[in-house]
1. Enumerate by residue number the chymotrypsin sites (Phe, Trp or Tyr not before Pro) in the stretch 112-205 meeting two conditions: DSSP loop (anything except H, G, I, E, B), and at most 12 other Cβ atoms within 10 Å of the site's Cβ.
2. Along the Cα-to-C-beta direction of SER195, a point sits 7 Å from the Cα; which residues of the stretch 73-115 have their amide N less than 13 Å from that point?
3. Report the full-extension gain for the segment TRP183 to HIS169: residue separation times 0.36 nm, less the Cα-Cα distance, to one decimal in nm.
4. Under the 0.36 nm per residue contour assumption, what length would be gained going from the current alpha-carbon distance of ASN24 and THR2 to full extension?
5. What FRET efficiency, computed as 1/(1 + (r/R0)^6) with R0 = 25 Å and r the Cβ-Cβ distance, is obtained for ALA77 and MET153, rounded to the nearest 0.05?
6. How far is the Cα center of the stretch 43-66 from the Cα center of the stretch 134-191, in Å?
7. Using a Cα-Cα cut-off of under 21 Å, which lysines could be cross-linked to LYS17, ignoring same-chain neighbours fewer than 8 residues away?
8. How big is the equivalent ellipsoid of the chain along its three axes, where each semi-axis is √(5λ) from the Cα gyration tensor, reported in whole Å from largest to smallest?
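Throughout, read-outs are computed from the coordinates displayed, never taken from laboratory work. As the structure is a prediction and not an experimental result, all values here were calculated from the model. No Cβ is skipped: glycine too gets one built from the backbone with ideal geometry, and neighbour counts run over all protein chains shown.
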Amino acid sequence: MTIAERKLREREILREKILDATRNLYMEKGYDGLTMRAIAARIDYSTTILYSFFKDKDALLRALTDADFALLTRQLAEGDDATLAATERLKRVGRRFMQFAIERPDQYRMLFVDPIPPYAPEEAGNERGNPTQDAYAFAHMLVEQLQQESAGMQINPHAVVQLFWGMLHGLIGLRLSMKDEPWVEWQPLDQLVESGMDALLYGFMPR
């Protein structure tokens, strides 16, 4: 490894360290309580170093959100098989969405429970509408396949994606926020997700 390559690698590692510290502080303090000074203190660097990567707090948070959404999109696409029926492909997406939330609860909360202020697609590092970079576009593509495979199905693909997403997020978010609630006889989350997907997807099938 050359000196230039080593410096580039060290800079990449530091950038990841900054993003991880930002996520942790965001979960602790929220948007208003997060400052560049607090992030710098958390990683024992000067604010000058942070500003050499990001022009301000919002740019840093956008980069973090972009990175987490890119990770989610990759996870949703893992093991996808274009030869399968759309219903099975969508159910695989639902299972991986649940897996992401369980394995990465802080990232899930930051993306879907307590997200940063909205920003325009032009400011994002991920390309809107590209199924390889945009999780929503990936799900929308599968719903369009579902529509093509089911003769006579009259659906709005955007509405189906949002219903599918809302069902998953409702079950997952409820479990993440109230898992220790003793008044509820919680059923296995994976079974609830499977039942929810079956009810939703097959409910759209022509009769």
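1. Details: sites: PHE112, TYR119, TYR136, PHE138, PHE164, TRP165, TRP183, TRP186, TYR202, PHE204; in loops: TYR119, TRP183, TRP186, PHE204.
Sparse-neighbourhood loop chymotrypsin sites (Phe, Trp or Tyr not before Pro): TRP183.
2. Within reach of a label on SER195, which here means backbone N under 13 Å from a point 7 Å along Cα→Cβ, the stretch 73-115 contributes nothing.
3. On the way: separation 14, 0.36 × 14 = 5.04 nm, distance 2.12 nm.
Gain on extension, TRP183 to HIS169, equals 2.9 nm.
4. Values: separation 22, 0.36 × 22 = 7.92 nm, distance 3.32 nm.
Additional length available on full extension: 4.6 nm.
5. Values: r = 24 Å, r/R0 = 0.96.
The formula returns an efficiency of 0.55 here.
6. Spelled out, the Cα-based centre of one part sits 33 Å from the other.
7. Those lysines meeting the cut-off are LYS7, LYS29, LYS55, LYS57.
8. Working: eigenvalues 261, 91, 44 Å².
Computed over the chain, the values are 36, 21, 15 Å.
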